[in-house]
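Trainee: Quick one: the structure is below, questions incoming.
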Amino acid sequence: MKFCTFNVPSLRRGKHNLKDSRLDEVDRLVEAKKKTYAQVELVEDGDMVHADAVITNQDGFVELVFKDLELIETRLGR
């Protein structure tokens, strides 16, 4: 999955594992040979079109709404 981090500079871009305590507990009970966490990729604003979700903070939310309105107005103008 790709997540776009819009106006959140504290998150590092790239691929990250999502650690889940439930998976750790199942692995402990079943004693599996291999354990694989879910992986997400954090991408920059420019790749927002290809992202599955957008992560932002309160300040970035307002800016994101205005950016979306500009896109809609541009498409309606065509």
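Trainee: Right, Glu25: among the acidic types (Asp, Glu), in contact with a His (Cβ under 9 Å, 6 or more places away or on another chain) and open to solvent by less than 100 Å² (accessible area, probe 1.4 Å) or not?
Mentor: So Glu25 fails the test.
Trainee: Would you mention how many residues in region 19-42 are closer than 30 Å to Leu71 by Cβ and either out of contact with any Gly (no Cβ under 9 Å at 6 or more places or on another chain) or in contact (Cβ under 8 Å) with a residue 60 or more places away in the chain (or both)?
Mentor: The number of residues fulfilling the criteria is 2.
Trainee: Same structure, new question: Within region 1-53, which residues are β-branched (Val, Ile, Thr), assigned to a helix (DSSP H, G or I) and at pLDDT below 90?
Mentor: If the condition is that a residue be β-branched (Val, Ile, Thr), assigned to a helix (DSSP H, G or I) and at pLDDT below 90, then Val49 is the only one that fits.
Trainee: Looking only at residues that are under 10 Å from the mean Cα position of the chain (by Cα) and open to solvent by 60 Å² or more (accessible area, probe 1.4 Å) in region 1-10, which one is farthest from Ala51 (Cα to Cα)?
Mentor: Met1
Trainee: Being outside any loop (DSSP other than H, G, I, E, B) and either hydroxyl-bearing (Ser, Thr, Tyr) or open to solvent by 70 Å² or more (accessible area, probe 1.4 Å) (or both) is the requirement here; does Leu71 meet it?
Mentor: Taking the combined requirement at face value, the residue satisfies it.
The values are calculated or read from the model by the stated rules, or taken from the named source; none is laboratory data. Keep in mind that what you see is a predicted model, and the values were worked out from it rather than measured. For neighbour counting, all protein chains shown are included, and Cβ atoms are generated from backbone atoms with ideal geometry for every residue, glycine included. To get the accessible areas, we keep the full protein, side chains included, count just its heavy atoms, and leave off ligands, DNA and RNA. Shrake-Rupley method; radii C 1.70, N 1.55, O 1.52, S 1.80 Å.
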